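First the structure, in the form of structure tokens, and then the observations on it.
The values are calculated or read from the model by the stated rules, or taken from the named source; none is laboratory data. These numbers come from a predicted model, not from an experiment. Note that each Cβ is placed from the backbone with ideal geometry, even for glycine, and that neighbours are counted across all protein chains shown.
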């Protein structure tokens, strides 16, 4: 089955949110969240958003544009919000925004990351994903930006994704 045979799915259907409390075991030696812990949370929620879009198992092929804008400390509430922003034939781009939420509910953006997730069929090989139905101007703009990011990723000569068979 090709992606053109699959019914499109609304971008909003992939939106996933997770909340974590930063505990002492999540900290590095400087008393801030260990970057690897945040990357693990980002990877999990990105995979869930991708699964919600494609309806099958996924694997993370790349994480790019990971920016740590602000430190995160113990006892802070971290909110991760993921959504599919672009799809190829077997791949999906997922944006994950990470916020620190204060007791009033106000959120401050501390990190943005883009993940490339690959849909896997029952045989463990890449499989087509549904087209992405973008309904808002923001979703359409993010889709076009995702297309440009994908072109940049695939055009790099040293791109490890270009060596993986069947990924598109």
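Structural remarks
- The stretch 136-168, subset touching a helix residue (DSSP H, G or I) at 6+ places or on another chain (Cβ under 7 Å) and either more than 19 Å from residue 113 (Cβ to Cβ) or outside any loop (DSSP other than H, G, I, E, B) (or both), residue modelled with the highest pLDDT: 139
- Top-ranked residue in the stretch 33-51 [being more than 12 Å from the chain's Cα centre (by Cα) and buried (at least 17 other Cβ atoms within 10 Å of the Cβ); ranked as nearest to residue 86 (Cα to Cα)]: 38
- Residues being in contact (Cβ under 8 Å) with a residue 24 or more places away in the chain, surrounded by 16 or more Cβ atoms within 10 Å (Cβ to Cβ) and part of a strand (DSSP E or B) - total across the stretch 88-106: 8
- Applying the set (1) surrounded by fewer than 18 Cβ atoms within 10 Å (Cβ to Cβ); (2) farther than 26 Å from residue 136 by Cβ to residue 6 leaves exactly one unmet item: (2).
One line per residue, one yes/no per condition, for (1) over 10 Å from the mean Cα position of the chain (by Cα); (2) under 27 Å from residue 152 (Cα atoms); (3) surrounded by 18 or more Cβ atoms within 10 Å (Cβ to Cβ):
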site	(1), (2), (3)
10	yes, yes, no
18	yes, no, no
60	no, yes, no
67	yes, yes, no
75	yes, no, no
78	yes, no, yes
84	no, yes, yes
